[in-house]
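Comments concern the structure below.
No lab work stands behind these numbers, since they all come straight from the coordinates. Given the structure is predicted, the values throughout are model-derived calculations rather than measurements. Neighbour counts are summed over all protein chains in view; Cβ atoms, including those assigned to glycine, are modelled from backbone coordinates with ideal geometry.
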Amino acid sequence: MRTLVRNRTPFYYALYEGKTETEDEKGFYSGEPEAKYSEPIRYTVGNVSPATGYSETGSFGNLDYYDKVILTADMECPINEDSILWIDTTDTSKPHDYIVKRVSKSLNGIAIAIAKVKVSQSA
């Protein structure tokens with residue numbers, strides 16, 4: 001599997017970096033940890049499928065649902081199952097719009113199943 005340059009779709013991703021303590025409006029720790037992610041990184045070496053639904057080849061095993069598939073021949077692709085993505089909107093000041101459901105690596109490429117999410121923007 002090779003990705004043609006004309007089919008590549010630029011998007012952004014952020015890698016999971018752990019959890020941080022959150023504070024309430026008075027500066028006290030709330031006891032609810034919050035996920036911390038890296039700064040969004042632009043990725044241009046993959047193509048995002050327009051199709052939705054299930055994989056015809058079963059490359060993701062018993063995965064229930066995903067919306068799109070990212071295909072890349074970049075075997076050094078750092079995107080993993082804890083990453084968040086900006087696919088439909090590339091405005092990284094807004095909340096992410098996709099999460100990774102499954103990563104399937106083969107000898108010459110990587111297929112990443114992603115699902116659309118709705119994230120409310122915190123104040």
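Between 29, 43, which is of a type in the set (Phe, Trp, Tyr) and surrounded by 11 or more Cβ atoms within 10 Å (Cβ to Cβ)?
None of the other options fit; the residue is 43.
For segment 11-30, which positions are touching an Asp or Glu at 6+ places or on another chain (Cβ under 8 Å) and either without any contact (Cβ under 8 Å) to a residue 12 or more places away in the chain or closer than 30 Å to residue 69 by Cβ (or both)?
14, 15, 16, 19, 29, 30
Report whether or not residue 76 is of a type in the set (Asp, Glu) and either over 15 Å from the mean Cα position of the chain (by Cα) or loosely packed, with under 11 Cβ neighbours inside 10 Å (or both).
yes
Can you name every residue in segment 10-47 that is closer than 21 Å to residue 100 by Cβ and charged (D, E, K, R)?
17, 19, 34, 36, 39, 42
Given the criteria crowded, with 20+ Cβ neighbours inside 10 Å, under 10 Å from the mean Cα position of the chain (by Cα) and more than 14 Å from residue 40 (Cα to Cα), does residue 114 qualify?
When the stated conditions are applied, residue 114 passes them.
Restricted to segment 86-111, and to residues that are free of Cβ contacts under 8 Å to residues at least 60 places away in the same chain and of a type in the set (S, T, N, Q), which residue is farthest from residue 41 (Cα to Cα)?
Among them, the one singled out is 104.
What are the pairs, 6+ residues apart or on separate chains, where a residue within segment 65-85 that is farther than 19 Å from residue 116 by Cβ has its Cβ under 6 Å from a residue that is part of a strand (DSSP E or B)?
From residues that are farther than 19 Å from residue 116 by Cβ, the pairs are 72/46; 72/110; 77/110.
Quick one: would you say residue 100 is surrounded by fewer than 17 Cβ atoms within 10 Å (Cβ to Cβ), on the phi < 0 side of the Ramachandran plot and aliphatic (A, V, I, L, M)?
Here the answer is no, as residue 100 does not meet what is asked.
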